[in-house]
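**Q** Take a look at this one; I'll ask things after.
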Amino acid sequence: AVVSTQSTGTLMSTLLHPTVYYVSIGVGIIGILANFLSLYTSRGDTTLATRLYRLLNTVDCTLCTLAVYLWTTILVSEDPPNDIEGILFFTVLRGTSFTTCLLSTTRFLSLACPFYIIRERAVWVSTGLFLAFVTLTNVCYITLTSLLLEDDVRDTYNTRFCMVFTVEFLGYITVVMVTTVASIVLLLHHGNHGEEVKRRASITIILISSLYVVLNSFPAAALARDGITGGEILINKFNAFALYIAVPLNSILNPVIILWRKGVLLTHVRRVLDRGSQF
């Protein structure tokens with residue numbers, strides 16, 4: 001399965017040290033607040049890039065909320081996530097990947113074809129097609145795994161789905177990596193002749209894309225190994241780290257990068273420090 005429910009509570013609770021989960025819950029809460037702050041500071045801006053930032057913040061906030069819930073559940077009940085929780089978590093993860101692809105691809109197109117106007121309708125149609133694809137794969141997965149009663153047959157389909165999801169993730173990572181490298185080359189080629197606002201926005205997206213490639217390589221590797229070996233996700237420390245630490249960390253750092261690049265983060269930190277010094 002994408003997230004195994006066959007692991008025992010004892011095994012689940014000892015995959016990672018409890019301190020890791022406590023720290024992760026705290027960081028996850030910070031991620032929720034950071035995404036809300038990023039959404040709040042972007043209100044009123046109607047550019048395509050900002051709308052995609054808001055979409056990414058919304059998906060990341062949802063993922064951080066789910067991660068905090070799952071971490072808390074693991075600590076309190078010592079049980080692994082059930083199938084529905086696992087599918088929901090994985091669906092939001094795919095949403096983060098797709099949105100990062102949109103950001104990276106649209107930024108590359110704006111650098112490569114500066115006079116080409118990207119149509120928002122095309123962006124939102126692609127988003128609708130992605131949602132339809134995710135819904136279809138989730139329905140197929142739930143239907144097949146619930147109807148197949150024999151464990152051997154069910155495990156075979158679980159392995160096949162893991163391979164499909166692995167190819168999907170590798171596709172996201174490849175697209176983001178290629179467009180990011182190409183954007184860097186174009187920025188270096190333009191030198192200081194490009195528009196400053198455009199350059200700053202491009203660097204922001206390059207940072208987000210690079211972070212995505214690094215941190216999401218872990219879940220991609222976990223899924224690939226699960227598909228090849230036919231094993232269960234979350235029966236070892238690497239898989240637990242990949243899905244419950246690396247992935248939420250990506251969603252936590254995305255708004256931090258956005259706020260930092262906007263100059264909002266330092267402004268709010270200074271305000272907090274100034275208020276603290278008054279007491």
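The values are calculated or read from the model by the stated rules, or taken from the named source; none is laboratory data. A quick note: this is a predicted structure, and the numbers were derived from the prediction, not measured. Glycine gets a Cβ as well: all are built from the backbone with ideal geometry, and neighbour counts include every protein chain shown. Side chains are part of the model used for accessible areas, which takes the heavy atoms of the whole protein and leaves out ligands, DNA and RNA. Shrake-Rupley method; radii C 1.70, N 1.55, O 1.52, S 1.80 Å.
**Q** Is there a residue being surrounded by 18 or more Cβ atoms within 10 Å (Cβ to Cβ), modelled with pLDDT of 80 or more and not in a loop (DSSP other than H, G, I, E, B) anywhere in the stretch 259-276?
**A** The answer is yes; a qualifying residue exists.
Yes/no per residue for (1) surrounded by 15 or more Cβ atoms within 10 Å (Cβ to Cβ); (2) modelled with pLDDT of 75 or more:
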| site | (1), (2) |
| --- | --- |
| 12 | yes, no |
| 16 | yes, no |
| 30 | no, yes |
| 47 | no, yes |
| 50 | yes, yes |
| 54 | yes, yes |
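**Q** Tally time: how many residues in the stretch 72-105 are among the β-branched types (Val, Ile, Thr) and either in a loop (DSSP other than H, G, I, E, B) or under 18 Å from the mean Cα position of the chain (by Cα) (or both)?
**A** Total meeting the criteria: 7.
**Q** On to the next question. Take the residues in the stretch 208-224 that are among the polar types (S, T, N, Q) and open to solvent by less than 10 Å² (accessible area, probe 1.4 Å), then tell me which one is farthest from residue 49 (Cα to Cα).
**A** Per the stated criteria, the residue is 216.
**Q** Right, next: Looking only at the stretch 106-124, which residues are open to solvent by 80 Å² or more (accessible area, probe 1.4 Å) and within 22 Å of the chain's Cα centre (by Cα)?
**A** The one that is open to solvent by 80 Å² or more (accessible area, probe 1.4 Å) and within 22 Å of the chain's Cα centre (by Cα): 124.
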